[in-house]
Amino acid sequence: MRYSLFNVIVNGLTKNRFAERAWRDPEPKPEYDVLVIGGGGHGLATAYYLAKNHGITNVAVLEKGWIGSGNAGRNTTIFRSNYLLPGNEPFYEHSVKLWEGLEQELNYNVMASQRGIVNLIHSDAQRDVYVRRGNAMRLAGADSELLDAAQVRTLLPFLDYDNARFPIKGGLLQARAGTARHDGVVWGFARAADKLGVDILQNREVTGFTRGPDGAVTGVETPRGTIKAKKIALAVAGSSSRLASKLGLRLPIESLVMQAFVSEAIKPLIPGVFTFGAGHFYISQSDKGGLVFGGDLDGYNSYAQRGNLPVIEDVLEGGVALMPLLGRLRLLRQWAGLCDMSMDGSPIIDIGPLPNLYLNAGWSYGGFKATPASGWCFAHTIARDEPHPLTKAMRLDRFRTGHVIDEKGVGAQPNLH
Amino acid sequence: MLIPCPYCGARDAEEFSYRGDATPVRPDAAAPDAAEQFHDYVYLRDNPAGAFRELWYHSAGCRRWVEVERDTLTHAITATRFAAEGRRA
Amino acid sequence: MSRLEKNGLIDRTQKLRFTFDSKFFEGFQGDTLASALLANDVKLVGRSFKYHRPRGIVGGGAEEPNALVELRSGARREPNTRATTAELYDGLEARSQNRWPSLDFDVLAVNGLLSPFFGAAFYYKTFMWPKAAWEKLYEPAIRRAAGLGRAAQEADPDIYEKANAFCDVLVIGSGPAGLSAALAAGRSGARVILAEEDFAFGGRLLSERTTINDAAPTEFVDKTLAELRALPNVRLMRRTSVAAIYDDCYAAVERVGDHLRTPEKFQPRQILWRITAKRAVLAAGALDRPIVFGGNNRPGVMLAAPAQTYINRFAVAPAKKMAVFANNDAAWTTAFDALDAGAEVAALIDTRDTVSPTLAQAAQDRGLRVILGGEVFATKGKCLDSIELRAAGKTEILQVDGLAMSSGFSPNIALTCHHGGKPVWNEAIAAFVPGECPPGLSVAGAATGAYSLSDCLAQGAAQGAQAATEAGFKATAPDTPKAEDAPRALKAFWHVENSKGMAFVDFQNDVCAKDVVLAHKEGFVSVEHLKRYTTLGMATDQGKLSNVPGLALMAKQSGKTIAETGTTMFRPPWSPVALGAFAGHHRAKDFRPARLTPTHALAEELGAVFVEAGPWLRAAYFPRKGETNWKQSVDREVRAVRESVGVIDVSTFGKIELQGPDVGKLLDRIYINTFSTLPIGKARYGVMLREDGFVMDDGTTARLGQDRWIMTTTTANAAKVSQHLDFCLQNLWPDLDVRMASVSEQWAQIAVAGPRSRGLIAQIVDDASAVSAENLPYMGALETTVLGGVQARIFRLSFSGELGFEIAVPADQGEQLARKILETGAEWDATFYGLEALAVMRIEKGHVSGPELNGQTTAADLGFGRMASTKKDYIGAVMARRPALTDPDRMGFVGFKPVNPKEVLRAGAHVLAKGAAATTENDLGYLTSATISPTLGHAIALGFVKGGAARIGEILRAWDGLRGTDILVEILAPAFYDSKGERSNG
């Protein structure tokens, strides 16, 4: 059933008598052309684009819990392409372009809203760095604008301009950046992939792999049986190392926790997204009215999916310092996601490193914005057995050759990226 | 999270800086496969979900590097020692 | 007025005036806003989120989903404040929210009529056409309609504090279990903190009419509190909500000033307590739950347990004539208490066919009409005026203005889940009970699902004693007082099928039974999908009321048990916490400490303009009279250094003292160049890499003695380098005999530079000959005394490119030294200069600094390739040889000047070839630092270009699309001024 206004009205009048499953709940086939492990946004988008762009429809997405139960459902829903380095920026810009038409593409309102993002500038040196970045964005065809302090003040009148420890001297704006409804993205890709014949298999955890004589990966084992596949694609950011270890692989990845927060819902206050340049704080407001914000990683390896108080204090010290009216609003809920922190802070999309295996990992804390482009490029990589031009810098061997994509310039220290 | 520093006693993790996995050993630069060994040393990690040996630096305390045995699933700390001792062990 | 004539724990002698929607009302000391509103017959208090339905008070505490108000006004306005937890004070102002134009008449109530179309998640299926309309039309309208209250428009004027507390046993909650636990632990001598969220201790003991040792429960509360107060090891904290359990830390928020009109001067509004407790006992009680039936959201429909609280604690009859609708015994006591207090109860409708004879007798004794096997299936009235029920095949309408409902209790187990523990379904009480708890936490009383008073008292005592014992004290559980035990039977019942009208599961978010059915139909079966798809449990009460009924409905749809269906996670905080509490004093200028240089006061005297440089506040420049812009001041300062003598405080550099026979060896391993051969009395410039081969930091290290060295680092990397050295010494090479200490704070360092600097320094040092060209040549270092006996280290270093000295003295002598230098140098107009002039001069000299040491550059990129020793291993040596790091096409360090000398260069521009399109592929490099050189009279810049030095002489473009400039530049070697270094060598 195609979603439309008509459809909503009919369902309203018929008390949803004709409502149907958003995606099927099929029994697995014995073998697939491609098996995507991980029913998050990336895995589902990969399956969708395999079917849509490459005509490969004998595809299953395998999810250990319910789809979107990992980072797809735990992030702060921002998309943007304000990166510095040529290995990243064109890829993320492609992603923004895909976000711009995603509702129509998927026939699902993922509520992508180009509300803009402002990175605040607090010193001349920081402005120089942001200008370099803004120019790199423009070179890649993205939009960027440099705002002076007065322009920032017009846009975000509620910040502390007069008594700040780190005065606000301007901002780098990407107007086409924005937010989307994270669960909607998962469900939209799932439904659209399902319509193209992709099997979505929930509650099937991969407990092992079957291997061919040459070491090739030939299938997966689950508590409910083995599923064979010609190609097996890993899209399990947060748990990449855990699955890779079942294949005897070690990855340039460590798992760390990133916390996120939402306030009680309030009437519209914050127009877009903005980030504090002298503390660890960023914020936006959801359609429902909650202020969604976050800051730095909890800086130690963890799979606990929960964070600790020092980071919360750090985030809110930044938040309240920047935006003093926040003090009286209330924290409603906090949660945490497992970040696949790669050794240079940038993602890995590649063929291998074993025959039949494809790797999509290391998204650090920035995977949500990449969802459509990651699916797009990973599907290309899997279908054609060659890297997509936009992800050719994101290969695993860059650590060996030294072609690292280190946006922050902090080196092989995942908790600092 | 309280880390029992062997010198200072239990202190909040806020006082420490984190490095990560304590197990990789810096390879011999003169080895014929030094490039490969350094690649593994600098970049590859077991990244276990569970028992983990890791390095914390008591930067706001005694400035000793402390090797901590901690479970990455529960954050439970089972042992700590000066890193230098772990290295000699 | 619905205020009952007598009883209640309010102080009728203290009248408090307050306003709700600008109307004046009166309440008493001891009221909450909710109880005071009910006492004044205010039933309609809010509007729901989606349908803007009229809503009344439904709960009695943190669980309240409906009665949310904007409390206070102006900068202190707090949206979404629960009327049920807001303590009444004289002059309280409250305003209803999420309605327009008024609470009574809300235009968006039209949404309710559209509810057949506005079902669960309808928005995912529409608002997509035309493409632009989502952002331009629909989303703004949805946003305006959504949200609840309005944030204040101004900075929060109140202050917040953070504090640490330590105890052996933390007891959370002060009902029967909590009080008993605190007493058992307190008597053992253990340090006890008893935290109570309410402004009064006692929990449910304040709400129920029962007996303990044949007396009113409040007597037990008073007696126990008296004993606890007498124990010096016990700390009682009321108005303190334990919000979350982290690793080894309980976070609690104490509302210090929320019950006052405004906090007293210097009094915080709230305190965030970080409590370190060896053990904790959770005695947080349980909350009543609604029944899902048609019209269950009408103002006047309330949960039974809170209704009992209003009657007994606040002496308020929630209705003139009420009914009770429940599936359990506990709700009967609400009816009894209402009757006993003199209110009218039309009927008690129980979904069960039979109840215990005791209960039936008690009802009969009071003349209460009981309808067993009955269901309420509809309600009427904007505020409730009648209910429709059916029993034994007949339907009946009862005229009532209040209905107390209950589907049984849910233990308050949220805190037990904060470490990921999963609650366990207990079929007998139809509720989730604690599963695996965070380490050190145990649970007692109703929070475990034990609802009888004697069980609560006994469990509390046992757990309190156990906790104290585990914390190392000798404790025994006190004898449990004799308590009256009301019957507590229950038969699970969730939903009245075939109801009339919408049957609400989540009151605030307007999630109805039909939404759960739709979610199931569309495959959103997992509890997390159900929650996210319908927004069930996502409101400000976080599903305290709606979670279990919602799961029950989903379980029914999918034909599973609730245990199989599972529950969503409870995450912190237990109830919403003001964001200001987490920030504490870290606001405005106090957000982060400002580090000041030793000469800060002097710089202030000299009129310096300061600039934030990381954690430091540093002098940027020193304007003098007649100078109208910063550039004039900076140019003057540069000229002073180039032509005479200038002075700058460089104490911010990192300084690390290294001692021991193996320092040379260590330095050889951490710098790319060799240090072990450095003679005593000499300094050397060094570059250190990270192990991945990229540059970490640079600086000079001097050898002061055979085994004594002093290293300087950049300001930004001071802590990082110190940590790095400690890592190398303690982890990589513990066999090296080296001791190190960071002495950045201990030494002030003043740079004196310019052709006149030697003459000036000679008058500062106690022995002038020490600084002669022979004794202290370029890159020399020595220890001597200045200012008549002050210990000093003098280095012949130059960042500016002129003849220069850096004098280090103990930090407390720094200001005196600087003053003396200025005074002595007056004859040459010795000029204090700031960061700006320093930056100009280092760009003129082509020295790399922060913008170039960006963590992405190699030693070779920066022009230090030849410095790197090939004869030794050092940190980063192997990885620096990787192909990408040695690629001749890498971007290398160069200088730029505009072809047209009138043009201005700015950092951040990228480099493109002439005629090349502005694309990523054509990107050749970027400018890192730029200035207009007063010495050369035109713009210059530093930066990186593909191919580096090989491009010297080429004409390229500095393209700054962001700022709309595109300037032809010539590539030069980076040293623009005195490239041979003759001036500093002099």
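The values are calculated or read from the model by the stated rules, or taken from the named source; none is laboratory data. Just so you know, these numbers come straight off a predicted model, no measurement behind them. Cβ atoms come from the backbone with ideal geometry, glycine included; neighbour counts cover every protein chain shown. SASA here: full protein model, heavy atoms, side chains in, ligands and nucleic acids out. Shrake-Rupley method; radii C 1.70, N 1.55, O 1.52, S 1.80 Å.
Observations on the structure shown:
- Residue among C:LYS482, C:LYS474 that alone is touching a residue at least 12 places away in the same chain (Cβ under 8 Å), touching a Ser or Thr at 6+ places or on another chain (Cβ under 9 Å), open to solvent by 10 Å² or more (accessible area, probe 1.4 Å) and over 23 Å from C:LEU170 (Cβ atoms): C:LYS482
- All of C:ASP861, C:ASP889 fail the test of being in contact (Cβ under 8 Å) with a residue 40 or more places away in the chain, among the charged types (D, E, K, R) and open to solvent by 20 Å² or more (accessible area, probe 1.4 Å), apart from C:ASP889.
- Some residue of the range C:490-508 being in contact with a helix residue (DSSP H, G or I) (Cβ under 7 Å, 6 or more places away or on another chain) and without any contact (Cβ under 8 Å) to a residue 12 or more places away in the chain: no
- Residue match in the range C:669-680 (condition: touching a Lys or Arg at 6+ places or on another chain (Cβ under 9 Å), touching a residue at least 40 places away in the same chain (Cβ under 8 Å) and of a type in the set (Lys, Arg)): yes
- Which numbered condition C:ASN111 misses (of (1) outside the structural domain of C:ASN40 (by TED's automatic domain parsing); (2) touching an Asp or Glu at 6+ places or on another chain (Cβ under 7 Å); (3) under 29 Å from C:GLY46 (Cα atoms)): (2)
- Qualifying residue in the range C:264-280 (condition: open to solvent by 10 Å² or more (accessible area, probe 1.4 Å), outside the structural domain of C:VAL433 (by TED's automatic domain parsing), out of contact with any His (no Cβ under 6 Å at 6 or more places or on another chain) and not in a strand (DSSP E or B)): no
- Condition met for C:ALA94 (among the aliphatic types (A, V, I, L, M), closer than 25 Å to A:ASN11 by Cβ and either open to solvent by less than 20 Å² (accessible area, probe 1.4 Å) or assigned to a helix (DSSP H, G or I) (or both)): no
- Among the candidates C:PRO438, C:PRO411, C:PRO434, residue that is over 18 Å from C:PHE325 (Cβ atoms), open to solvent by less than 20 Å² (accessible area, probe 1.4 Å) and away from every other protein chain (no Cβ under 14 Å): C:PRO411
- The range A:347-380: number of residues that are closer than 19 Å to A:ASP406 by Cα, surrounded by fewer than 24 Cβ atoms within 10 Å (Cβ to Cβ) and more than 11 Å from the chain's Cα centre (by Cα): 1
- In the set C:ASP353, C:ASP337, only one residue is within 52 Å of the chain's Cα centre (by Cα), loosely packed, with under 14 Cβ neighbours inside 10 Å and either of a type in the set (S, T, N, Q) or modelled with pLDDT of 95 or more (or both); that residue is C:ASP353.
- Sole residue being within 21 Å of the chain's Cα centre (by Cα) and of a type in the set (Gly, Ala, Ser), chosen from A:SER240, A:SER245: A:SER240
- The criterion of at least 3 residues that are within 12 Å of chain B (Cβ to nearest Cβ) and touching a residue at least 40 places away in the same chain (Cβ under 8 Å) is met, among strands (runs of 3 or more DSSP E) falling completely within the range C:707-757, by C:739-742.
- Criterion (among the aromatic types (Phe, Trp, Tyr) and more than 14 Å from chain A (Cβ to nearest Cβ)) met by exactly one of B:TYR18, B:TYR7, B:TYR57: B:TYR7
- Subset of the range A:144-173 that is at the interface with chain C (Cβ under 10 Å from one of its Cβ atoms) and among the acidic types (Asp, Glu) - its residue that is nearest to A:TYR92 (Cα to Cα): A:GLU145
- Within the range C:866-908, the set of residues being over 42 Å from the mean Cα position of the chain (by Cα), part of a loop (DSSP other than H, G, I, E, B) and within 19 Å of A:ASN135 (Cβ to Cβ) comprises C:GLU903, C:VAL904.
- Filter result for C:ALA195 (under 17 Å from C:ARG274 (Cβ atoms) and surrounded by fewer than 24 Cβ atoms within 10 Å (Cβ to Cβ)): no
- Qualifying residue in the range B:37-52 (condition: surrounded by fewer than 17 Cβ atoms within 10 Å (Cβ to Cβ), out of contact with any Leu (no Cβ under 8 Å at 6 or more places or on another chain) and more than 9 Å from every other protein chain (Cβ to nearest Cβ)): yes
- Residues satisfying the stated conditions in the range A:131-181, i.e. open to solvent by less than 40 Å² (accessible area, probe 1.4 Å), of a type in the set (Asp, Glu) and under 25 Å from C:LEU927 (Cα atoms): A:ASP143
- Filtered residues of the range C:598-652 (kept if open to solvent by 10 Å² or more (accessible area, probe 1.4 Å) and of a type in the set (Gly, Ala, Ser)): C:ALA601, C:GLY607, C:ALA608, C:ALA613, C:GLY614, C:ALA619, C:GLY626, C:ALA640, C:SER644
- Count of the range C:414-426 residues which are among the aliphatic types (A, V, I, L, M) and open to solvent by less than 30 Å² (accessible area, probe 1.4 Å): 2
- Figure legend. Inter-residue proximity from the range C:368-383: first residues more than 18 Å from C:GLY46 (Cα to Cα) and touching a residue at least 24 places away in the same chain (Cβ under 8 Å), second residues open to solvent by 20 Å² or more (accessible area, probe 1.4 Å) and polar (S, T, N, Q), beta-carbon distance below 6 Å, spacing 6+ or different chains. Indicated pairs: C:PHE377/C:SER499.
- Options A:GLY41, A:GLY70: the member that is crowded, with 24+ Cβ neighbours inside 10 Å and within 28 Å of A:ALA175 (Cα to Cα): A:GLY41
- In the set A:PRO86, A:PRO30, A:PRO26, A:PRO90, only one residue is more than 17 Å from the chain's Cα centre (by Cα), within 10 Å of chain C (Cβ to nearest Cβ) and in contact (Cβ under 8 Å) with a residue 40 or more places away in the chain; that residue is A:PRO86.
- The condition (being outside any strand (DSSP E or B), touching a residue at least 12 places away in the same chain (Cβ under 8 Å) and either at negative phi or of a type outside the set (Val, Ile, Thr) (or both)) is satisfied by just one residue among A:GLY295, A:GLY327, A:GLY299, A:GLY307: A:GLY307.
- Options C:LEU44, C:LEU37: the member that is assigned to a helix (DSSP H, G or I) and open to solvent by less than 30 Å² (accessible area, probe 1.4 Å): C:LEU37
- Scope the range C:86-112; condition within 11 Å of chain A (Cβ to nearest Cβ) and more than 19 Å from C:THR535 (Cα to Cα); matching residues: C:GLN97, C:TRP100
- Criterion applied to C:ARG279, C:ARG261 was being in contact (Cβ under 8 Å) with a residue 60 or more places away in the chain and closer than 30 Å to C:GLU26 by Cβ, and the one residue passing it is C:ARG261.
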